[in-house]
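> The following block contains the structure, expressed as structure tokens.
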Amino acid sequence: MTQLILFNKPFGVLTRFTDPHGRRTLKDYIPIPHVYPAGRLDLDSEGLMLLTDSPKLATLITRPGGGWPKTYWAQVEGVPSDHALSTLAHGVMLDGKPTRKARITRLAEPALWPRNPPIRLRLTVPTSWIALTLSEGRNRQVRRMTAAVGHPTLRLIRYSVGRYTLENLAPGSYRAAETNHEL
């Protein structure tokens, strides 16, 4: 039976099981042997990670251009215009190549756990939230995309991967998920 673990990665946790510098890793939260991350999240990003014991399932989840869609909630500096959101949806240039089309929506501020440390706030610059659903996973893609349209990301949370979401999953906690994937 294939294992699939949903984990809500807190800010500041590495998405691997060891670190020679003593930083927090998945080992500090997930005591299940022989599971490995299907994809990654940056040290300063939070949210849903999937771990599995199946290399085939990990490939299905993460394969370039055909992996499972991932939805991110991004708190950005400023309030993006309709033009900025349209630009994000149609793709921006990163490293000389356009990003794939994405689904972008404005998002009311979600009810979330506090982040430690909190994001920087500037009294004269408002912040807002957007949801981005991507079908590719380039290095720091959401942060680079929002910066390209003039709205740097201040806080980034992966809300879903495929049909799996963060619902009822507190930061630092995990649970097993049902899988019905033919592998």
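> Check off (1) under 20 Å from V13 (Cβ atoms); (2) in a loop (DSSP other than H, G, I, E, B); (3) not small (G, A, S) for E178 and give me the number that stays unchecked.
(1)
> Taking I157 and the conditions (1) of a type outside the set (G, A, S); (2) over 30 Å from Y29 (Cα atoms); (3) assigned to a strand (DSSP E or B); (4) in contact with an Asp or Glu (Cβ under 6 Å, 6 or more places away or on another chain), which numbered condition does it fall short on, given that it satisfies the others?
(2)
> Go through region 119-173 and count every residue that is of a type outside the set (A, V, I, L, M, F, W, C) and under 15 Å from the mean Cα position of the chain (by Cα).
Result for region 119-173: 23.
> May I pose another question? Starting from region 91-116, take each residue that is free of Cβ contacts under 8 Å to residues at least 12 places away in the same chain and list its partners that are polar (S, T, N, Q) and assigned to a loop (DSSP other than H, G, I, E, B), counting only C-beta distances under 7 angstrom and pairs at least six apart or across chains.
If the second residue must be polar (S, T, N, Q) and assigned to a loop (DSSP other than H, G, I, E, B), the pairs left are G91/T99.
> Here is a follow-up. For region 52-92, give me the residue count where each residue is loosely packed, with under 15 Cβ neighbours inside 10 Å and of a type in the set (D, E, K, R).
The qualifying residues number 3.
> Return the residue satisfying two criteria in turn: it lies in region 39-54 and is of a type in the set (D, E, K, R) and within 10 Å of L156 (Cα to Cα), and of such residues it is nearest to the chain's Cα centre (by Cα). Before you say what the answer is, go through the steps one by one.
Taking region 39-54 and keeping what is of a type in the set (D, E, K, R), we get 40, 42, 44, 46, 53.
Subsequent filtering for residues that are within 10 Å of L156 (Cα to Cα) retains 42, 44, 46.
Values: D42: 8, D44: 10, E46: 7 Å.
Among residues in region 39-54 that are of a type in the set (D, E, K, R) and within 10 Å of L156 (Cα to Cα), the one nearest to the chain's Cα centre (by Cα) is E46.
> Examine region 108-123 for a residue that is over 30 Å from T179 (Cβ atoms), in contact with a Lys or Arg (Cβ under 7 Å, 6 or more places away or on another chain) and of a type in the set (D, E, K, R), and state whether such a residue exists.
Checking region 108-123: at least one residue is over 30 Å from T179 (Cβ atoms), in contact with a Lys or Arg (Cβ under 7 Å, 6 or more places away or on another chain) and of a type in the set (D, E, K, R).
> Could you check region 151-183 and list, in sequence order, the residues that are within 16 Å of P80 (Cβ to Cβ) and in contact with a helix residue (DSSP H, G or I) (Cβ under 7 Å, 6 or more places away or on another chain)? It would help to see each step written out before you state the result.
We begin by selecting, within region 151-183, every residue within 16 Å of P80 (Cβ to Cβ); these are 151-156.
The answer is H151, P152, T153, L156.
> Please verify whether region 152-169 includes one or more residues that are surrounded by 16 or more Cβ atoms within 10 Å (Cβ to Cβ) and in contact with a Pro (Cβ under 6 Å, 6 or more places away or on another chain).
No; the residues of region 152-169 include none that is surrounded by 16 or more Cβ atoms within 10 Å (Cβ to Cβ) and in contact with a Pro (Cβ under 6 Å, 6 or more places away or on another chain).
> Same structure, new question: Kindly list, by first and then second residue, each pair from a residue in region 133-150 that is hydrophobic (A, V, I, L, M, F, W, C) to a residue that is assigned to a helix (DSSP H, G or I), limited to pairs with Cβ atoms under 7 Å and residues at least 6 apart or on different chains.
Going by the 7 Å Cβ cut-off, the qualifying pairs are L134/Q141; M145/L88; V149/A84; V149/T87; V149/L88.
> Taking region 9-41 as the search range and keeping residues that are closer than 20 Å to N139 by Cα and among the polar types (S, T, N, Q), which one is surrounded by the most Cβ atoms within 10 Å (Cβ to Cβ)?
Ranking the candidates gives T15 first.
> Got a sec? Which of P31, P69 is over 20 Å from the mean Cα position of the chain (by Cα) and under 23 Å from V161 (Cα atoms)?
After applying the criteria, what remains is P31.
Laboratory data are not the source of any read-out in this text; all were calculated from the coordinates shown. Nothing here was measured: the structure is a model prediction, and the numbers come from that model. FYI the Cβ positions are ideal-geometry reconstructions off the backbone, even for glycines, and counts take in every protein chain you see.
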